[in-house]
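Asker: Dropping a structure here in structure tokens format, bear with me for questions.
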Protein chains: 2
Amino acid sequence: MQASVLFSGGKDSSLAAIMLEPFFDVGLVTCTFSLLPVADHARETADELGFAHRVVCLERSILEDAYEMIIKDGFPKNAIDHIHRSAVEHIASEKKDIFIADGIRRDDRVPLIDRSQSRSIEDRFGVHYICPLQGFGRAAVNKLVKEHLIIKEGPSEKIIKSDYEAELRELIRQRNGPDLVGKLFPSHIQSHVVERKREYYQ
Amino acid sequence: MQASVLFSGGKDSSLAAIMLEPFFDVGLVTCTFSLLPVADHARETADELGFAHRVVCLERSILEDAYEMIIKDGFPKNAIDHIHRSAVEHIASEKKDIFIADGIRRDDRVPLIDRSQSRSIEDRFGVHYICPLQGFGRAAVNKLVKEHLIIKEGPSEKIIKSDYEAELRELIRQRNGPDLVGKLFPSHIQSHVVERKREYYQ
């Protein structure tokens with residue numbers, strides 16, 4: 001069975017792929033608006049992890065809608081949720097009867113696709129939308145990450161990652177300058193996967 | 001890392017154990033009030049699946065409290081939730097720093113441990129409570145079950161399973177007769193695992 005895992009190069013989507021690997025034919029998918037070379041970073045990490053990887057260019061109007069949302073709201077949640085849901089729907093629209101996965105954890109607040117939205121995606125597109133880390137809390141995920149990955153952590157404005165935040169930040173920087181980026185996005189710790197520990201698979 | 005999986009012999013807890021197997025040292029745990037020989041059935045299934053298995057006798061007062069609840073409520077949800085949460089807490093109280101897992105799926109309504117209750121268990125007992133199927137809908141679980149297990153399905157009153165319902169039904173039957181059992185528990189399809197498909201592991 002095929003599973004397409006939405007992949008940012010961060011620890012959660014990497015771990016999600018690893019958790020599915022024994023049960024699915026896993027392919028990683030990185031979505032981009034081609035505003036930054038985020039997909040290149042994701043591809044390097046995918047190679048390191050040993051998974052097939054492809055890049056999907058999303059329609060620019062999705063980013064524009066997200067831009068409108070964050071400017072209106074003054075905070076990123078709805079904008080990031082919108083991009084994430086659009087990305088899942090885009091992958092879902094490509095092919096029926098596949099599994100589409102992401103790295104959402106139990107304690108995540110952004111991005112979030114709730115139970116009704118999950119079912120709606122499954123019904124409309126004839127796919128399975130699965131979140132292998134949904135039943136794992138933050139500490140459990142960290143333990144598993146430590147077992148399987150070597151990661152680099154740092155403040156979100158410094159770590160290059162292929163998540164939806166990077167290109168939205170960039171668009172705001174281009175249009176409104178760096179100060180507004182700092183105001184809209186609270187600085188938080190991001191992770192980038194550097195290496196996969198292989199001793200468990202020998 | 002050790003994971004204790006609450007195990008009924010049904011498809012969900014069996015699949016949960018299988019999903020964790022590549023990443024954890026998995027042991028199955030069946031809880032009983034010693035009212036029915038439910039643990040014997042679970043042990044047979046655990047042997048078939050190839051997992052270590054142990055039986056834990058829960059305090060009878062938990063079943064008595066559940067009995068009070070279902071008689072008062074007129075439906076089983078709160079009673080089953082109470083037994084399930086008590087079972088998780090009992091296993092959690094045995095040992096710090098382990099992973100305790102169950103077979104709860106995204107679309108399950110009973111039993112249910114919500115996000116706050118999960119965190120509360122983790123904080124109070126110093127464990128990780130994980131639900132590997134929490135991010136999988138019914139159809140996705142069924143597909144995975146079909147890949148890995150041969151199951152037998154039938155109405156809930158006919159399938160012998162080591163879930164919390166079996167002994168609660170029996171207690172009500174002993175005290176109030178079979179008619180009340182039929183009124184309190186809507187008949188639904190239960191599953192019992194008969195065999196594990198091995199071709200994926202050779």
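Asker: So how much slack lies between A:Asp114 and A:Asp40, counting 0.36 nm per residue of separation and subtracting their Cα-Cα distance, in nm?
Answerer: Working: separation 74, 0.36 × 74 = 26.64 nm, distance 3.01 nm.
Gain in length upon complete extension: 23.6 nm.
Asker: Per DSSP H run of at least 4 residues, take -39500 (n - 2.57); add these up for the protein assembly as shown, divide by its residues and hand me the 222 nm value, nearest 500 deg cm²/dmol. Don't skip to the end; give the middle numbers.
Answerer: On the way: 16 runs with 192 residues, N = 404.
The helix-only estimate for the protein assembly as shown comes to -15000 deg cm²/dmol at 222 nm.
Asker: Can you spot the lysines whose alpha carbon is less than 30 Å from B:Lys183's alpha carbon? Ignore those fewer than 8 places along the same chain.
Answerer: B:Lys11, B:Lys72, B:Lys77, B:Lys152, B:Lys158, B:Lys161
Asker: Which whole-number percent gives the relative contact order of chain B, counting Cα pairs below 8 Å spaced six or more residues apart? Walk me through the intermediate numbers first.
Answerer: Numbers: 352 pairs, mean separation 55.7, N = 202.
RCO, chain B: 28 percent.
Asker: Any chance you could list the semi-axes, whole Å, largest first, of the equivalent ellipsoid that the Cα gyration tensor gives for the range B:32-97, using √(5λ)?
Answerer: Numbers: eigenvalues 121, 49, 22 Å².
Here the semi-axes work out to 25, 16, 10 Å.
Asker: Compute the label-point distances linking A:Arg109 to its equivalents in the other copies; points lie 7 Å from Cα along Cα→Cβ; give nm, one decimal, shortest first.
Answerer: 3.0
Asker: At A:Gly177, with labels set 7 Å past Cα in the Cβ direction, how many nm apart are the copies from this one, shortest first?
Answerer: Values, ascending and in nm: 8.3.
Asker: With the convex hull built on the Cα atoms of the protein assembly as shown, state its orientation-averaged projected area in nm².
Answerer: Result: a mean projected hull area of 20.4 nm².
Asker: By what distance, in whole Å, do the Cα atoms of the range A:8-148 stretch along each of the three principal axes, largest value first?
Answerer: Its Cα atoms span 41, 32, 32 Å along the three principal axes.
Asker: Taking amide H atoms as placed 1.01 Å from N in the peptide plane, list the residues 5 or more away in sequence, or in a different chain, whose amide H sits under 5 Å from that of B:Val26.
Answerer: Amide H neighbours of B:Val26: B:Ala3.
Asker: Sticking with this structure for a sec: Give the Debye-formula value of log10 I(q)/I(0) at each listed q (0.22, 0.27, 0.31 Å⁻¹), with one equal scatterer per alpha carbon of the range B:66-109, two decimals each.
Answerer: So the normalised log intensities are -0.81, -0.95, -1.04.
Asker: Under the definition of Cα pairs under 8 Å and six or more residues apart, what whole-number percent is the relative contact order of the range A:42-83? Mind showing how you got there, number by number?
Answerer: On the way: 22 pairs, mean separation 11.6, N = 42.
That works out to 28 percent.
Asker: Build a GNM of chain B with springs between Cα atoms under 10 Å: which of B:Lys72, B:Lys161, B:Lys152 gets the top mean-square fluctuation?
Answerer: B:Lys72
Readers should treat all values here as calculations from the given coordinates under stated rules, not as data from a laboratory. Just so it is clear, the model here is predicted, and its values are computed rather than measured. Using ideal geometry, Cβ is built from the backbone for each residue, glycine included, and neighbour counts are taken over all protein chains shown.
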